[in-house]
Number of protein chains: 2
Amino acid sequence: MSEKALPFGIAEFQERLAKTKQSMDARGIDVLVAADPANMNYLTGYDGWSFYTPQVVIVARDLDQPICIVRQMDVNGGRVTTYLDDDNMIGFPDTYVQSTERHAMDWIAEEMVRRGIHTGTIGVEMDAYYYTAASHAALVRGLPNATVVDATALVNWVRVIKSPQEIEYMRRAARIVEKTMQIAYDFIEPGVRQCDAAAAIYQSEISGTPEHGGDYTSLVPMLPTGVGTSTPHLTWTDQPFVSGEATILELGGAHHHYHCPMARTMHLGQPPQKLLDTSEIVMEGVAAALDTVKPGNTCEEVEASWRHSIGRHGLSKESRLGYSTGVNYPPDWGEHTLSLRPGDKTVLQTNMTIHLIAGIWMDDWGIEISECFRVSEDGCEKLCDYPQALYVKD
Amino acid sequence: MSEKALPFGIAEFQERLAKTKQSMDARGIDVLVAADPANMNYLTGYDGWSFYTPQVVIVARDLDQPICIVRQMDVNGGRVTTYLDDDNMIGFPDTYVQSTERHAMDWIAEEMVRRGIHTGTIGVEMDAYYYTAASHAALVRGLPNATVVDATALVNWVRVIKSPQEIEYMRRAARIVEKTMQIAYDFIEPGVRQCDAAAAIYQSEISGTPEHGGDYTSLVPMLPTGVGTSTPHLTWTDQPFVSGEATILELGGAHHHYHCPMARTMHLGQPPQKLLDTSEIVMEGVAAALDTVKPGNTCEEVEASWRHSIGRHGLSKESRLGYSTGVNYPPDWGEHTLSLRPGDKTVLQTNMTIHLIAGIWMDDWGIEISECFRVSEDGCEKLCDYPQALYVKD
């Protein structure tokens, strides 16, 4: 193995691999085929905008190193970004790319046969983005001697507790999103086009801080405005912001693909009383939830604190209150493990990192206030230092 | 149907629907379940960064309007962005989001049963991004009385010939990427951090022009530099550009999600002779290929012109030379229909739009020069007016 300037040392990659193999053992999985780009990155360092063609990292119980298979033209990218030996960083020919006659997963299955890792119990990430129905069909067809089982989120659950280095990257991301939220607030005025604000926001996110550059975020900046605040995932238009309207800012910072998201709501001109009142209720609810965060408590207990708090004011929220976050790629910075919602009995542990996002969406308006936090040794450490408020700009 | 300020008139949506139904008829498909966000947008106008949860547009031969199903909190976004009646713009409950106990496709299948569109031959997009193996398994499980068949790219092939309005949006995107390429060239200097250049580039892409705002592009700006130019899909780091190194700029403009990509290569300081020589060969090859573009010729004929031209200089390129582009969402602005490569016998027709990308990647260096063009009535119309060259900055 060559020593390269990777974001993590080889020892950390080896620890991740060991934990993954432990989890595979516990579930009787001999070979794991991971297609989630964040899991690929986590296991090997692989980093590139190449997930639009099939690609996988394969962990075999009997092999010391994972095998990363991408499109041939991306192999050099793997040589730059992974710790893998050249023999384990390989590519499939370009004739397999978006072909109607053959599928890249055909080649990947053939390669597994060539390497003798095509039998036993093989886990696949059935619900990972980019692991399409066609990918699965081709892989299963090519592995007739294996028992293929669902291993969705197996690696995600290994990722759920962050190392000191991962926490450090998330703290850097927090500095980026704090700075960016301020830029958004300063930039947005009546008459400014939404696209220009989105541009300024993304400029800040990607540029980062003088000390640490930013990365693309797994969601683009969300800034629904006016009636658009009644729904969370509209992106910008080229229409201007209007006085008398609210804008929800759901932004993120990212460093080495580790995210720190933050949401705030601002209003141009004097806000309506219902928005002011609701923001108070939401902040009280967020405080109640964060007060419940400590190792040993469960996800649903945190949500219950929120639910109880806002319920006393007659408010309710059907959607989940938050989710684990960390390293990720588009389209989602959520980790697809724990959620803050009823029924999620995951016990909080130190160095879990969670985005608590209190979003209330009504018929024609809404509000969001969020905090990304680390479960600390005895409570909750907010990663951002950015006051909660309904931000009003007159 | 309400008349809203959508990017396309209802008549155009109805024409798209009619063509889709024609194609369904030709393949004996009664009901089509489209999960590709670009296809969802194309058929209904639906637009939002919500494709990180399952969502579909359903076209049933016997129904006048498509049905769009998204996460409940995104329904209001659909009310803003689609032409659909409220009854056809619906959501699944949040308990189905990233749950280990139930899948959103369970609910979608149940809704199809409720609406009586659960029998006959049902087409699904087996290889669409975000249509995961788990999505497919849940849908098939929920439709026991249907014959489920692969309809990957059925709608993509309807999209392949652009309307005048679509061409207009791509021309606007061309203005955006021209402006952005110039900004990239001006910004990149020895000592400038890559992340700051990426930030300036994306700022320009999203801001757009004073007349027309930009949108997020389906690929982030690619700017591999130095040895990174040996591979196309590395994104930026926070390291500075270095004198004596090349940088490949593969950028895009987007307007209403319609893309115009462009690639150029620049070099800081005097370039090595091999890069100069190769750029000349590449430009000659691109010209030969573009000369072959006209209605009636095939995709493989265009590629053959390129192959023959560079072959005379001893160069070759294994990967495809280009692909159809237009409306799209991350992670790819390619349309997954025609490719410029041997064996692709698709006959060019007027108003196809293609990104011809001549990328040569060697062991430790590379070059890219591209043109996005429209197949015109009698030849080829380049969408961008930006000179081809190896850009050298001393």
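Ignore the peptide's own chain and count Cβ atoms of other chains within 10 Å of each Cβ in B:210-220; give me the average, rounded. Before the final figure, lay out each step's value.
On the way: counts 3, 1, 2, 10, 6, 7, 10, 1, 3, 4, 8.
Counting Cβ atoms of other protein chains within 10 Å of each residue's Cβ and averaging gives 5.
Per-residue 3J(HN,Hα) values for segment A:252-259, derived from phi via the Karplus relation 6.51 cos²θ - 1.76 cosθ + 1.60 with θ = phi - 60°, read x, x, 9, 9, 6, 6, 8, 9 Hz in sequence order (x marks Gly and Pro). Karplus-derived 3J(HN,Hα) values for segment B:16-31, using 6.51 cos²θ - 1.76 cosθ + 1.60 with θ = phi - 60°, are 4, 5, 4, 5, 5, 5, 4, 5, 4, 4, 4, 10, x, 9, 7, 9 Hz; glycine and proline are entered as x.
Charged side chains reduced to their Cβ positions (Lys and Arg at +1, Asp and Glu at -1) give chain B a dipole of some 380 debye around its Cα centre. Could you tell me how many degrees, from 0 to 90 and to the nearest 10, lie between the Cα long axis of helix A:194-207 and the main elongation axis, the longest principal axis, of the Cα atoms of chain A? So the inclination is approximately 50 degrees.
Each of A:355, B:256 was scored by other Cβ atoms within 10 Å of its Cβ. Listed from fewest to most, they are B:256, A:355. Ranking A:223, A:121, A:199 by how far each Cα lies toward the positive end of the dipole of chain A (charges on Cβ) leaves A:121 at the top. Distances, shortest first, from the label point of residue B:165 to those at the same position in the other copies read 5.2 nm; the point lies 7 Å along Cα to C-beta.
Among the trypsin sites (Lys or Arg not before Pro) in segment B:301-394, those located in a DSSP loop and surrounded by at most 14 other Cβ atoms within 10 Å of their own Cβ are B:312, B:345. One way to sum up the overall shape of the protein assembly as shown is the equivalent ellipsoid from its Cα gyration tensor, whose semi-axes run 37, 30, 29 Å, largest first. The overall shape of segment A:1-53 is oblate: from the C-alpha gyration tensor, with semi-axes ordered a ≥ b ≥ c, the ratio a/c is 1.5 or greater and a/b is no larger than b/c. Charged side chains reduced to their Cβ positions (Lys and Arg at +1, Asp and Glu at -1) give segment A:164-393 a dipole of some 120 debye around its Cα centre.
How many angstrom separate the Cα center of segment A:364-394 from the Cα center of segment A:128-162? Each part's Cα centre sits 35 Å from the other's. Shielding of peptide A:305-314 by partners, expressed as the average count of other chain Cβ atoms within 10 Å per residue Cβ, is 0.
Computed over chain A with a Gaussian network model linking Cα atoms closer than 10 Å, the most mobile of A:331, A:190, A:210 is A:210. Of all chain B C-beta atoms, the nearest to the rotation axis linking B with A is recorded, alongside its rounded Å distance, as B:203, 2.
Got a sec? Which residues in segment B:28-64 would a label at residue B:163 touch, if it sits 7 Å along Cα→Cβ and we count backbone N under 18 Å? Correct set: B:38-47, B:59, B:64.
To the nearest µm²/s, what D does Stokes-Einstein give for segment A:10-159 at 20 °C and 1.002 mPa s, using the Kirkwood radius over alpha carbon pairs as Rh? Let's see the in-between values first.
Numbers: Rh = 15.0 Å.
For these conditions, the coefficient is 143 µm²/s.
Between residue B:64 and residue A:364, the FRET efficiency from the beta-carbon distance, with R0 = 30 Å, is close to 0.60.
Going from the fewest other Cβ atoms within 10 Å to the most, the residues A:234, B:17 appear in the order B:17, A:234. Each of B:150, A:85, B:106, B:363 was scored by other Cβ atoms within 10 Å of its Cβ. Arranged with the fewest first, they read B:363, A:85, B:150, B:106.
Across A:133, A:173, A:289, mean-square fluctuation computed from a Gaussian network of chain A (C-alpha pairs under 10 Å connected) peaks at A:133. Could you check the spin-label model distance between residue B:313 and residue A:149? Points 7 Å from the Cα along Cα→Cβ, value in nm. So the label points at residue B:313 and residue A:149 sit 5.6 nm apart. 3J(HN,Hα) along segment A:331-342, derived from phi through the Karplus expression 6.51 cos²θ - 1.76 cosθ + 1.60 where θ = phi - 60°, amounts to x, 8, 9, x, 8, 6, 10, 6, 10, 7, 7, x Hz, with x in place of Gly and Pro.
What does the convex hull of the alpha-carbon atoms of chain A project to on average, in nm²? It would help to have the intermediate numbers written out before the result.
Values: hull surface 79.7 nm².
Mean projected area of the Cα convex hull: 19.9 nm².
Place a point 7 Å from Cα of residue A:239 in the direction of its Cβ. Which residues in segment A:245-277 have their backbone N less than 15 Å from it? A:245-248, by backbone N distance to the label point.
Mean per-residue shielding of peptide B:71-81 is 6, counting Cβ atoms of other chains within 10 Å of each Cβ. Relative to the other identical copies, residue A:14 shows label-point distances of 6.9 nm, where the label point lies 7 Å from Cα along the Cβ direction and values run shortest first.
Placing R0 at 22 angstrom, the Cβ-Cβ distance between residue A:110 and residue B:346 gives a FRET efficiency of 0.20 after rounding to 0.05.
A short reminder: the numbers here are calculations on the coordinates, not readings from a lab. It should be emphasised that the depicted structure is a prediction, and the values quoted were computed from it without experimental measurement. Cβ: placed from backbone, ideal geometry, glycine included. Neighbour counts: every protein chain shown.
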